[in-house]
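Working notes, structure below.
The values are calculated or read from the model by the stated rules, or taken from the named source; none is laboratory data. Note that the structure is a prediction, hence the values are computed from the model and not measured. A quick note on method: Cβ atoms are made from the backbone with ideal geometry, for glycine too, and the neighbour counts reach across all protein chains shown.
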Amino acid sequence: MINGKTKIIGIFGDPIEHTLSPLMHNAAFKHLKLNYCYVPFNVKREQLKEAVQAIKALNLIGVNITVPHKEAVIEYLDQLSEEAKHIGAVNTILNENGKLKGFNTDSMGFIISLQKEKVSVKDKNILILGAGGAAKAIAYGILKEGGNLYIFNRTLSKAYKIKASFSGIGKIEVIEELNNEVMEKIQIIINATSLGLKEKDPMPLNPSLIKKEHVFYDIVYPETSIMREAKKIGCKTIGGLGMLLWQAALAFEIWTSKPAPVKVMKKFLKNF
């Protein structure tokens with residue numbers, strides 16, 4: 001029951017209506033009998049500064065940050081974790097005694113979700129579609145785990161920026177044109193764009209380039225048109241719910257200093 005002592009956590013994004021984060025976190029709070037409540041906030045880009053300031057003004061415990069604010073939010077924070085500094089994107093904020101600290105749990109959440117599917121990135125050739133905040137986090141995790149990274153993005157300058165940032169960590173190349181020759185090298189394809197959030201979105205990749213030998217991972221949920229095409233082709237497909245679950249579990253622990261009840265959170269996702 002919400003009362004005067006309830007601690008509030010939220011999520012900032014645009015769009016936000018599709019988010020399953022409130023479902024997961026509120027189930028976890030209830031299970032552990034914690035007096036917390038998790039609320040979605042639709043925040044436009046031009047309102048981001050004021051929204052972040054409101055975390056302090058309203059004494060929120062913290063928030064998640066999702067598309068399209070993961071990079072832009074950094075300038076409004078007081079501190080960054082080491083991982084968030086390297087990645088240049090934040091998905092979790094903690095309000096600690098009036099100081100806002102940014103974290104990135106997407107990177108490790110992605111890696112754990114792959115491990116749970118018995119997929120290793122070590123020594124694999126991996127194609128990332130996109131070069132936004134989520135792509136940066138995934139790229140960082142892959143390189144730290146020993147994968148070889150290929151990035152394709154419509155705006156090439158953003159892809160080259162990631163290459164410049166992470167070139168000291170591992171092997172990374174920018175792909176300027178996707179074709180069969182490139183795709184023959186690839187073992188894992190990751191859609192780290194936001195394409196698929198809206199029904200009318202174009203596909204981030206021509207399905208004719210996907211081979212049944214590929215593992216296809218789509219961070220967007222629910223299932224997108226490109227994911228359905230990958231399934232028809234016969235790929236092993238992995239949806240974004242695993243990454244959502246594990247990044248959420250890590251964020252939960254940052255906010256509450258308690259182990260996340262992962263089984264409970266996963267149950268609610270599966271029921272959805």
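Brief remarks on what is shown
- Qualifying residue in region 207-216 (condition: at pLDDT 95 or above and under 26 Å from GLU71 (Cα atoms)): yes
- ALA251 meets the conditions (1) touching a residue at least 60 places away in the same chain (Cβ under 8 Å); (2) small (Gly, Ala, Ser); (3) outside the structural domain of ASN26 (by TED's automatic domain parsing) in every case but one. The failed one is (3).
- Of all residues in region 121-132, none satisfies the criterion of being surrounded by fewer than 20 Cβ atoms within 10 Å (Cβ to Cβ), within 19 Å of THR66 (Cα to Cα) and either over 12 Å from the mean Cα position of the chain (by Cα) or in the same structural domain as GLY62 (by TED's automatic domain parsing) (or both).
- The residues listed here are LYS163, LYS118, LYS144, LYS122; of these, the one that is on the phi > 0 side of the Ramachandran plot and free of Cβ contacts under 8 Å to residues at least 60 places away in the same chain is LYS118.
- Elements of type helices (runs of 4 or more DSSP H) contained in region 1-111, each with 3 or more residues being buried (at least 18 other Cβ atoms within 10 Å of the Cβ) and under 19 Å from the mean Cα position of the chain (by Cα): 21-31, 82-87
- Checklist (1) closer than 20 Å to GLU71 by Cα; (2) assigned to a strand (DSSP E or B) applied to LYS158, failing item: (2)
- Single residue of LYS99, LYS118, LYS85 found to be out of contact with any helix residue (DSSP H, G or I) (no Cβ under 6 Å at 6 or more places or on another chain), outside the structural domain of HIS18 (by TED's automatic domain parsing) and basic (Lys, Arg): LYS118
- The combined condition, being crowded, with 18+ Cβ neighbours inside 10 Å and in contact with a Pro (Cβ under 8 Å, 6 or more places away or on another chain), is fulfilled by ILE226.
- Strands (runs of 3 or more DSSP E) lying entirely in region 182-254 (those with 3 or more residues that are under 23 Å from GLU83 (Cβ atoms)): 188-191
- Restricting region 164-181 to residues that are acidic (Asp, Glu) and part of a loop (DSSP other than H, G, I, E, B) leaves a set whose member that is surrounded by the fewest Cβ atoms within 10 Å (Cβ to Cβ) is GLU177.
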